[in-house]
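What follows is a set of notes on a single structure, which appears directly below.
Laboratory data are not the source of any read-out in this text; all were calculated from the coordinates shown. In this text the structure is predicted, and so the values were computed from the model without any measurement. No Cβ is skipped: glycine too gets one built from the backbone with ideal geometry, and neighbour counts run over all protein chains shown.
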Amino acid sequence: MTAVEQSGSLPQVLARLDQIEDGGFFETEARLAGDDESLILHRDGAAVRAWLNVCPHAGRRLDWAPGKFLRDKKGHLMCAVHGATFELTAGECIAGPCKGSALKQVDVEVRDGLVVLST
Ligand code: FES
């Protein structure tokens, strides 16, 4: 019996790691606190970071179409609505209308090739 089975609940699977290009972004949905939320997954080698797909500027999704994200010339994530630009470690806005604020991080981990919500 695995630790997950012992806890009585299975982790929410968000994606397979191999669905996400290394260095790339992937949009998926998760149920958080009873609500379905769009998430941005960002793969960095064997690790994945996740943030709510909600821009701190005006609360809009960052992608211009589902799963289609913009980057600036340095590879940072750019909101498609008004161009806020976010670095990819803490999700901090480094340029644009919400400079100094940050995307809301969601804790995820990679288990057996799957990206899951941390429990
Ligand atoms: S909603 Fe993202 S920059 Fe305005």
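What the table shows:
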| quantity | calculated |
| --- | --- |
| Packing rank of 109-115, 50-56, where each peptide gets the mean count of other beta carbons within 10 Å, highest leading | 50-56, 109-115 |
| Assigned charges on the beta-carbon of Lys, Arg, Asp, Glu; the chain dipole about Cα centre (debye) | 460 debye |
| Gain in span if fully extended, ASP44 to ASP72, counting 0.36 nm per residue against the direct Cα distance | 8.3 nm |
| Protection proxy ranking of 69-76, 35-42 - average other beta-carbon atoms within 10 Å, highest first | 35-42, 69-76 |
| Cross-link reach list, aspartates and glutamates versus LYS99, counting only Cα pairs under 17 Å and skipping chain neighbours closer than eight places | ASP72, GLU87 |
| At R0 = 22 Å, FRET efficiency that the Cβ-Cβ distance of VAL110 and TRP64 yields, to 0.05 | 0.20 |
| Label-reachable residues, the stretch 103-117, where backbone N falls under 17 Å from a point 7 Å from ASP22's Cα toward its Cβ | 110, 113-114 |
| log10 of Debye I(q)/I(0), alpha-carbon scatterers only, for the chain at 0.22 Å⁻¹ | -1.25 |
| Coordinate range along principal axes, alpha carbons of the stretch 60-119, Å, largest first | 37, 25, 23 |
| Length gained when the stretch ALA33-GLU87 is fully extended (0.36 nm per residue, less Cα-Cα span) | 16.8 nm |
